[in-house]
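The values are calculated or read from the model by the stated rules, or taken from the named source; none is laboratory data. These numbers come from a predicted model, not from an experiment. Virtual Cβ from ideal backbone geometry, glycine too; neighbours counted across all protein chains shown. Keep in mind that these areas ignore ligands, DNA and RNA; they rest on the heavy atoms of the full protein, side chains included. Shrake-Rupley method; radii C 1.70, N 1.55, O 1.52, S 1.80 Å.
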Amino acid sequence: MDSWEEKFDEVVEFRQSLTSETDRGCALMAAAYLDSEIGKLLDKYFVSNNKVKEEILGNSRPLGTFSAKIDIAYLLGFIGPKAHRDLHLIRKIRNDFGHVPTPMDFNDQSMAARCREFYHDAFDNSIPPRQKFTRVVLGVLAVLHSELLRANTIEESKDLNIDDETKERHRKLLKILEGNADA
């Protein structure tokens, strides 16, 4: 992974890009970025086999959705229950903005209510919902980046090397177990 300094610069640039976005664009971009960062975190804990990773993490694959990535990150202990919940709230907000064709913003009653449920913000609920949303995105992102910086890429396990003598002993044992001791 990048150094803390490189990651910090990336996050600052990401945060600044949210400022010029509409509320819809902010929600969609924030969720996409978090989805990507969770994917990077999971990738650190998988062996280097891009074909198998794509079969699992690719679009329309078992772990390819934002929801599945959030859940697997939680189940593997990379994020705690509050980050898990906040990420799902961010995902739901993204879905609302992405699937509702009518104009909406963070001040809509349902959006504001979801934003009040967030945990990863040090401020009270008196700040505007969009500001709370972006602060929580950055808070959860800090959790993911902390885990990413601690992560060590794992090596692929090695298969046992079974020599010819061991194979022959196993064949004899199987014959005995199958009742073919004479065969």
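Taken over region 30-53, residues that are crowded, with 17+ Cβ neighbours inside 10 Å and among the aliphatic types (A, V, I, L, M) amount to 6. Please go through region 12-27 and pick out each residue that is in a helix (DSSP H, G or I) and open to solvent by 70 Å² or more (accessible area, probe 1.4 Å). Correct list: Glu13, Arg15, Gln16, Thr19. Is it the case, given these coordinates, that Gly58 is in contact with a Gly (Cβ under 8 Å, 6 or more places away or on another chain), at pLDDT below 95, farther than 20 Å from Arg135 by Cα and buried (at least 16 other Cβ atoms within 10 Å of the Cβ)? Against the criterion (in contact with a Gly (Cβ under 8 Å, 6 or more places away or on another chain), at pLDDT below 95, farther than 20 Å from Arg135 by Cα and buried (at least 16 other Cβ atoms within 10 Å of the Cβ)), Gly58 does not qualify. The set of residues in region 148-167 that are farther than 23 Å from Val52 by Cα and of a type in the set (D, E, K, R) comprises Arg150, Asp163, Asp164, Glu165, Lys167. Quick one: would you say Ser48 is of a type in the set (Ser, Thr, Tyr) and either at positive phi or part of a helix (DSSP H, G or I) (or both)? The answer is no for Ser48. Only one of the numbered conditions (1) loosely packed, with under 13 Cβ neighbours inside 10 Å; (2) under 26 Å from Glu37 (Cβ atoms) is not met by Glu178, and that is (2). Here are Leu34, Leu42, Leu63: which of them is of a type in the set (A, V, I, L, M, F, W, C), assigned to a helix (DSSP H, G or I) and farther than 21 Å from His120 by Cα? Selected residue: Leu42, the only one of Leu34, Leu42, Leu63 that is of a type in the set (A, V, I, L, M, F, W, C), assigned to a helix (DSSP H, G or I) and farther than 21 Å from His120 by Cα.
Suppose we keep only residues that are small (Gly, Ala, Ser) and open to solvent by 20 Å² or more (accessible area, probe 1.4 Å) within region 103-138. Which one would you say is modelled with the lowest pLDDT? If you could, list the steps in order and put the result at the bottom.
Residues of region 103-138 that are small (Gly, Ala, Ser), as a first pass: 110, 112-113, 122, 126.
Pick out the ones that are also open to solvent by 20 Å² or more (accessible area, probe 1.4 Å) and you get 110, 113, 122, 126.
Values: Ser110: 92, Ala113: 94, Ala122: 70, Ser126: 81.
This residue is Ala122.
Inspection of region 3-26 finds a residue satisfying the criterion of being over 19 Å from the mean Cα position of the chain (by Cα), of a type in the set (Lys, Arg), over 28 Å from Glu155 (Cβ atoms) and at pLDDT 95 or above.
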